[in-house]
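First comes the structure, then the notes that go with it.
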Amino acid sequence: MTAQTDSEVRYEYLTFALGDEVYGMDIMQVKEIRGYEAVTRIANAPAFIKGVINLRGEVVPIVDLRIKFLNIKPEYDEFTIVIVVQVHDRLVGMVVDGVSDVIGLTRDEIKPSPDFGVAFDSRFLSGLATQEDQMIILVNIEALISSNELGLIDEEAVAIKEAGGSQ
Amino acid sequence: MSLDLSQFHQVFFEESQEHLDTLENGLMSLDIDAPDMELLNSIFRAAHSIKGSSGVFGFSALGQITHVLENQLDDWRKEVCRPVTEHIDEMLVVVDDLRALLASYQAEESIDEDWVNQRIQDMETVFKGDAPASKAAAQTEDAGFGFFEDEEASNEDDQGFGFFEESEESAYSKDDHQDDGYGFFNEEAASAKTEPAEDPGFGFFDEPEPTTTQAAKTTATVTPASAPKTKAVPPAANATASNQSIRVNVDKVDSLINLVGELVITQSMLAMMGKDISAIRQEKLEAVVEELQRNTREIQESVMSIRMLPVSFVFNRFPRVVRDIATKLGKKVELVIEGGDTEIDKSLVEKLSDPLTHLVRNSIDHGIETPEKRKELGKSETGTVRLSASQQGGNIVLSIMDDGGGLSRDRILSKARERGMPVDDNMPDHLVWQLIFEAGFSTAEQVTDVSGRGVGMDVVKKNLTSLGGRIDIESVTGFGTTLKLLLPLTLAILDGMAVAVGEETYIVPLASIVESIQPSKHEIKTLSGDELLDVRGHYWPIVRLHKTMQVDTDCQRLDEGIVVLVESGKQRFGILADRLIGQQQVVIKSLEQHFKRIKGVSGATIMGDGHIALILDLASMAKGMKEIPAMEAAS
């Protein structure tokens with residue numbers, strides 16, 4: 001076995017576009033990438049929760065990150081992309097503008113994230129990286145999904161979690 | 001390199017549980033007058049397996065205790081001595097201890113060695129005693145059991161011997177000692193402690209001596225002078241229906257069920273698409289699709305059946321429960337079990353055990369009278385509790401019937417008044433009986449540790465309701481009480497009516513539907529702005545599904561759509577939808593798995609075209625509604 005120091009380990013990220021910005025997420029949390037299909041609407045849900053779809057027998061919610069973070073009224077066509085992510089046992093589909101690439105980053109290449117300037121709240125960011133002059137914002141999907149930011153889980157569950165946490 | 005055994009622990013725990021169940025059931029159904037060799041052997045094998053594998057895993061306390069148990073069983077099996085009630089009682093206690101130990105090992109708690117040693121000593125004292133002769137004599141006096149008296153020859157044993165020699169593996173039959181019963185007994189028990197490592201087979205004997213011919217003489221047991229009557233001897237359950245089975249993780253089964261569900265949906269999509277193909281091809285395609293449909297349906301049915309277990313999984317523990325409770329309360333109870341092979345969903349099996357135990361306990365404590373009282377009343381001294389299961393349509397009916405005193409209407413009513421509940425003397429019986437499910441309601445004259453604290457019936461009812469079931473009571477004073485539990489066959493499937501609203505589909509649980517009507521204008525009335533539907537003299541408030549679910553639809557007016565009249569709890573209301581799609585069985589999927597609970601929705605299901613339909617939660621829809629007083633229309 002070749003000795004690899006921690007700084008040489010490459011972590012793989014899936015990059016995706018949202019507006020003018022490029023984001024990256026841990027590829028291990030991506031279950032699949034699929035086209036947007038008709039959803040079943042959910043009453044009294046915020047606009048960015050499009051509804052639920054049938055993913056091989058699982059009832060999976062679809063969140064449009066474009067509505068949530070860019071505040072636009074997007075179009076849906078056959079090129080609309082959904083990234084299905086898996087965090088623990090939960091599946092969530094996220095609509096984004098497009099999926100670009102898979103990149104490998106070493107720990108040294110990941111810089112701390114800024115506190116401002118991007119669509120995502122800094123709570124949900126895990127760092128910044130630069131590849132070919134393009135800034136990539138790394139998203140902490142787990143934090144995003146388990147917060148009540150997206151309204152995906154019962155509020156009591158969030159409250160319990162936060163009460164038990166460091167806050 | 002040492003093999004990591006921990007990966008096998010779970011299997012060991014599960015298997016040991018099963019062996020303990022076998023042990024317990026076997027002991028319960030053992031007829032001490034004429035022990036069934038087959039049964040004794042299976043009890044022995046269960047104990048032996050536990051001991052063997054606990055040795056492998058290093059669960060020594062488990063092994064040590066089981067070892068003593070096994071020795072005694074081996075003596076019975078070899079007819080060195082006969083089973084007596086005291087020993088069976090002790091063994092049942094040991095089974096409980098073993099369960100506790102198993103749980104401790106499973107939870108990786110430390111084991112109290114002193115306790116284990118003490119237990120082993122206790123057991124040995126009970127099973128053997130230092131002076132068996134005097135003990136045997138004492139037993140003879142106490143209970144009239146004439147065991148251990150080797151002077152007398154057993155007449156019954158003769159028929160056992162032929163069987164003995166045939167059925168025993170040769171290793172056993174050569175193992176018999178020449179000693180008489182006592183010598184063997186002492187020696188054997190003494191060796192129990194000093195013999196931790198035995199050969200894995202059947203080596204319970206220090207010096208096995210090949211004396212097959214002696215076998216007949218060594219087993220010097222005696223038929224009791226008078227047939228002993230045990231207090232609560234339930235009829236033996238199915239003796240040995242050895243079903244071949246394999247152990248499969250439930251997750252695997254569930255994922256199989258899901259996949260097959262998907263297959264069914266894909267299949268129906270294919271069938272739909274097949275309709276758009278040119279005429280010549282279409283006929284052929286249709287035939288193939290039909291074939292596919294048959295096959296997928298069959299696969300689905302057989303996969304669904306994997307999850308089903310016979311009710312006997314729940315029932316089998318009751319002989320023991322009944323025996324324990326009856327003994328504790330000094331009552332004589334016979335338990336009759338019927339319909340144990342009725343199949344129910346595995347998840348129900350697990351959740352039914354506690355409520356049923358509670359109800360059976362209640363039947364014995366509150367229902368069955370004491371032997372003296374029963375005699376006075378001209379009933380047989382032994383009360384009967386009948387536990388039965390049957391399938392009726394889409395429901396499983398479990399009933400617990402006792403021939404005791406029945407519920408006391410007066411006592412329930414006075415108790416209810418005491419607690420300030422709104423009751424009156426003219427209430428119909430079935431409403432009075434339902435009062436016992438109120439929290440903190442107990443009419444037992446004496447609070448015992450078995451029941452009477454009034455904690456439980458309400459919990460029982462709550463548990464059953466959460467399983468989608470209900471409970472009915474029939475009771476006749478002086479003749480007994482019957483509790484009927486109605487449960488859905490499976491938790492995974494619901495009979496529903498699919499209704500369309502705009503482009504969406506919703507499922508209304510069929511059980512709650514009273515009827516569906518297309519209202520005409522003159523049936524629609526308004527009461528302070530709210531529309532009410534007059535159906536044959538009753539006014540029904542209306543829930544517009546497109547409004548609650550925020551769906552766009554052209555069908556806005558009551559007389560344009562269809563109203564499904566439903567009843568949920570005490571609330572009755574009508575649900576306005578565009579049209580009915582049809583009645584169907586749907587597979588319930590949880591929304592909470594990946595999403596969260598949504599008001600007015602109890603779950604989701606996947607329709608034939610692959611789309612998701614939401615299942616309406618009528619109870620929560622009803623909650624948001626104004627109470628409409630029950631009014632009779634003037635006309």
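The values are calculated or read from the model by the stated rules, or taken from the named source; none is laboratory data. Remember, predicted model here, so these are calculated numbers, not experimental data. Here the Cβ is made from the backbone with ideal geometry for all residues, glycine too, and neighbour counts use every protein chain on show. What goes into the accessible areas is simple: the full protein's heavy atoms, side chains included, and nothing from ligands, DNA or RNA. Shrake-Rupley method; radii C 1.70, N 1.55, O 1.52, S 1.80 Å.
What the Cβ-Cβ distance of A:Ala17 and B:Arg579 gives, at R0 = 51 Å and to the nearest 0.05, is a FRET efficiency of 0.75.
Packing order of peptides B:348-355, B:372-379, highest average first: B:348-355, B:372-379 (average count of other Cβ atoms within 10 Å over each peptide's residues). For the residue pairs B:Lys525/B:Lys547; B:Lys461/B:Lys589; A:Lys31/B:Lys623; B:Lys284/B:Lys589; A:Lys68/B:Lys275, alpha carbon separations beyond 30 Å are given by A:Lys31/B:Lys623; B:Lys284/B:Lys589; A:Lys68/B:Lys275. Place a point 7 Å from the Cα of B:Asn117 along the Cα-to-Cβ direction; which residues of the stretch B:41-66 have their backbone N under 18 Å from it? Counting only backbone N, you get B:60-66.
Among the residues of B:608-614, the average count of other protein chain beta-carbon atoms within 10 Å of the residue beta-carbon is 5. Of the beta bridges DSSP finds with both residues in the stretch B:310-488, what % are antiparallel, to the nearest 5? Close to 80 percent. The packing ranking of peptides B:520-530, B:472-482, B:596-606, highest mean first, is B:596-606, B:472-482, B:520-530, where packing means the average number of other beta carbon atoms within 10 angstrom of each residue. When N is the residue count of the stretch B:310-488, what does its C-alpha Rg come to as a fraction of 2.2 N^0.38 Å? With N residues counted in the stretch B:310-488, Rg over 2.2 N^0.38 Å equals 1.00.
Legend: mean number of C-beta atoms from other chains within 10 angstrom of residue C-beta atoms, peptide A:52-64, equals 6. Give, as a single signed number, the net charge of other residues whose beta carbon lies under 9 Å from the beta carbon of B:Val311, with Lys and Arg counted +1 and Asp and Glu -1. Residues close to B:Val311 contribute a combined charge of -2. Taking all protein chains into account, the per residue accessible area for the stretch B:5-141 stands at 38 Å² (1.4 Å probe). Remark: relative contact order (the stretch B:310-488) = 22 percent; criterion is Cα-Cα distance under 8 angstrom and separation of 6 or more residues.
Rg over Rh for the stretch B:493-632 works out to 0.96, using Cα positions for both radii and the Kirkwood form for Rh.
With a 1.4 angstrom probe, the accessible area lost at the B-A interface totals about 2100 Å². Keeping the other protein chains in place, figure out the carbon and sulfur percent of the accessible area of the stretch B:493-632, with a 1.4 Å probe. On the stretch B:493-632, the fraction of accessible area on carbon and sulfur atoms equals 47 percent. Across the stretch A:17-96, C-alpha contacts under 8 Å between residues 6 or more apart give a mean separation that, scaled by the residue count, equals a relative contact order of 34 percent.
Shape annotation for the stretch B:252-307: C-alpha extents along the principal axes are 42, 14, 10 Å, from largest to smallest. Taking square-rooted eigenvalues a ≥ b ≥ c of the alpha carbon gyration tensor, is the stretch B:470-540 rounded, prolate or oblate, where a/c under 1.5 means rounded and, failing that, a/b exceeding b/c means prolate? It is oblate, given that a/c is not under 1.5 and a/b is not larger than b/c. Within 10 Å of the Cβ of each residue in B:258-265, the mean number of Cβ atoms contributed by other protein chains is 2.
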